[in-house]
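Student: I have a structure here, written as structure tokens, and I will follow up with some questions on it.
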Amino acid sequence: MLTLNDETFAAHVTANAGKSAVCVTGAHCPHCRAFAPTFEAAASAHPGITFFRLDSGASPATCAMFGVRSIPTTLLFDGERLIARRTGNLPAGELHAFLDGET
């Protein structure tokens with residue numbers, strides 16, 4: 001799974017014609033480290049979505065653009081359009097429902 005920053009975000013997410021899930025995370029964040037395996041497992045279960053991490057420390061402009069105020073935050077894009085967001089260390093079932101558009 002590719003980790004993005006301010007310089008690489010647009011080329012990989014907003015230029016993507018399909019759906020993208022982006023987990024905004026930080027190395028210093030214990031909740032982010034706890035959520036990482038759940039987010040990574042979701043990538044296997046949702047082959048129609050491209051998954052990325054966004055390093056919040058290396059991405060202040062991107063975080064500001066999308067109003068990220070706490071981490072982990074999961075952003076769901078359809079092409080360049082942000083269609084949903086969830087904040088926190090989501091349980092697997094809740095993450096899958098979010099990615100499927102059920103919440």
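Computed from the coordinates by the stated procedures, all read-outs in this text should not be read as laboratory data. Everything numeric here is computed off the predicted structure, so don't read it as measured data. Cβ: placed from backbone, ideal geometry, glycine included. Neighbour counts: every protein chain shown.
Student: Evaluate the relative contact order of the chain (contact order divided by residue number), counting alpha-carbon pairs under 8 angstrom at least 6 apart; express in whole percent. Present the calculation step by step, with values, prior to reporting the outcome.
Tutor: Values: 164 pairs, mean separation 39.1, N = 103.
Relative contact order of the chain: 38 percent.
Student: Report the gain in length on full extension from H31 to T87: 0.36 nm times residue separation, minus Cα-Cα distance, nm rounded to one decimal.
Tutor: This chain segment gains 19.1 nm when fully extended.
Student: Would you tally the net charge around A92, using a Cβ to Cβ cut-off of less than 15 Å, leaving A92 out, and scoring K and R as +1, D and E as -1? Working shown, then result.
Tutor: On the way: positive: R86; negative: E40, E94, D100, E102.
Its environment carries a net charge of -3.
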